[in-house]
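S.K.: Structure in structure tokens, see below.
Throughout, read-outs are computed from the coordinates displayed, never taken from laboratory work. Just so it is clear, the structure is predicted and the values come from calculations on it, not from any experiment. Glycine gets a Cβ as well: all are built from the backbone with ideal geometry, and neighbour counts include every protein chain shown.
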Amino acid sequence: MEDYEVQFVDRSERSARFVVRPITPAFANGIRRAMIADVPTFSIDTVRFIENSSVMFDEQIGLRLGLVPLTTPPGEFERGDEVTLSLDVEGPETAYSGDLVSSDELVQPADENIPIIDLKEEQRLELEADAVLDVGKEHAKHQGGVAVSYRHLQAVEVVGDAGEFDDEEPEILRGVIEEQAADAAVETGGYEPENGQLVPTEAFEHDLTNRYPGKDVEVTDIDGAFVFDVETDGSFSVDELVVEAIGTIEDRATELKESIQL
Amino acid sequence: MSYKCSRCKRDVTLDEYGGVRCPYCGHRVLLKERSRDIKEVNVE
């Protein structure tokens, strides 16, 4: 088992940005794909309509219900498990995801303010729904990681001074840089120039001339260092998503290893 | 078959002799009500 270094640039409940190294591009992409497709989340799969006098068809409302993220504590359930939820709203009122009543307190709508349908006078929506635990590979409604991406960590090298009469054009860069030329840098966005520090490009408004004024710079990718941007739909925290995703890769690797040792 | 008269809003049951007509007010426009059965829908 290799050791990996993980440094967080940003970290909150539902989104995070971190650097992992050393990993290959293939492994980085494997992690990304596992976060999107292999971490199971609960999602409504069948709906029984008792009354629907709203202006939308049962199927349309069913589709909307399927897209409501439900909290899925890792390790508590197995793939295929079902939880029943119910909804009963009478107009004039808007039915929100928060009106869903779950039979299991662990599985609740992740957000309470997702509108399902606006009901007018004399309209009523009453239904019972079964949520099932499945993976994003099966259907996009089961995706826990919704905005998952990665890119190389970048290094900025100062190669000289900008010419005295050069046009002052912005040098746009997006992502995260590792400070390697602290002497030439100025403090921006609260990031003091210090070698080895990770600086998101937001700190200098994505413009390198703000960070290194009057300098000529060159940007290079750092081999084996990847910056991940991860966001979840609220089914679980980012930490749980990443750990579960890595777990699925490990499970598959173990399975492969065992199946080829005849 | 149960219908609802669009003028007097009363429930109407049609038989094979009466034709399409509300027995209470004589109106000829009847509306088919949604079934009270529970409908199961798969979310796809």
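S.K.: Please state the charge dipole magnitude for chain A, taken about the Cα centre, from unit charges on C-beta atoms (+1 on K and R, -1 on D and E), reported in debye and rounded to the nearest 20.
M.R.: Dipole about the Cα centre, nearest 20: 740 debye.
S.K.: Between residue A:93 and residue A:166, what is the spin-label point distance in nm, taking each point 7 Å from the Cα along the Cα→C-beta axis?
M.R.: 6.4 nm
S.K.: When chain A is treated as a GNM, springs tying every alpha-carbon pair under 10 Å, which of A:225, A:162, A:185 comes out with the largest mean-square fluctuation?
M.R.: A:162
S.K.: Continuing with this model, one more query. Give, in whole angstrom and from largest to smallest, the semi-axes √(5λ) of the equivalent ellipsoid of segment A:189-262, with λ running over the eigenvalues of the Cα gyration tensor.
M.R.: With the √(5λ) rule applied to segment A:189-262, the semi-axes are 40, 18, 9 Å.
S.K.: In degrees between 0 and 90, to the nearest 10, how far off the longest principal axis of chain A does helix A:238-260 point, with axes built from Cα atoms?
M.R.: In chain A, helix A:238-260 runs at an angle near 90 degrees to the longest axis.
S.K.: If you don't mind, another one. Label-point separation (nm) for residue A:122 and residue B:6, each offset 7 Å from Cα along Cα-to-Cβ?
M.R.: Placing both labels 7 Å along Cα→Cβ, they lie 1.4 nm apart.
S.K.: May I pose another question? Let me check I've understood the local charge: for residue B:39, count other residues with C-beta under 13 angstrom from its C-beta, Lys and Arg +1, Asp and Glu -1. What total comes out?
M.R.: Neighbour charge sum, excluding residue B:39 itself: -4.
S.K.: While we're looking at this one, here's another question. What are the semi-axes of the equivalent ellipsoid for chain A, taken as the square roots of 5 times the Cα gyration tensor eigenvalues, largest first, in whole Å?
M.R.: Gyration-tensor ellipsoid for chain A: 46, 26, 13 Å.
S.K.: Please list, by residue number, everything in segment A:204-240 whose backbone N is under 11 Å from a paramagnetic label point 7 Å out along Cα→Cβ of residue A:21.
M.R.: Backbone N within reach: A:221-227.
S.K.: Quick check: residue separation of residue B:33 and residue B:21 times 0.36 nm, minus the Cα distance between them. What number comes out in nm?
M.R.: 2.7 nm
S.K.: Give me the net charge of residue A:239's neighbourhood, meaning all other residues with Cβ under 12 Å from the Cβ of residue A:239; Lys, Arg count +1, Asp, Glu -1.
M.R.: After counting each charged neighbour, the total is -1.
S.K.: As I understand it, the dipole of segment A:31-77 uses +1 on the Cβ of Lys and Arg and -1 on the Cβ of Asp and Glu, about the Cα centre. Which of A:47, A:62, A:31 lies farthest toward its positive end?
M.R.: A:31
S.K.: Sticking with this structure for a sec: Would you mind working out the magnitude of the charge dipole of segment A:41-136 relative to its Cα centre, with +1 at each Lys and Arg C-beta and -1 at each Asp and Glu C-beta, to the nearest 20 Debye?
M.R.: That gives segment A:41-136 a dipole magnitude of about 260 debye.
S.K.: Let me ask another. Tell me the angle of helix A:25-37 to the major Cα principal axis of chain A, expressed in degrees between 0 and 90 and rounded to the nearest ten.
M.R.: Once rounded, the angle reads 20 degrees.
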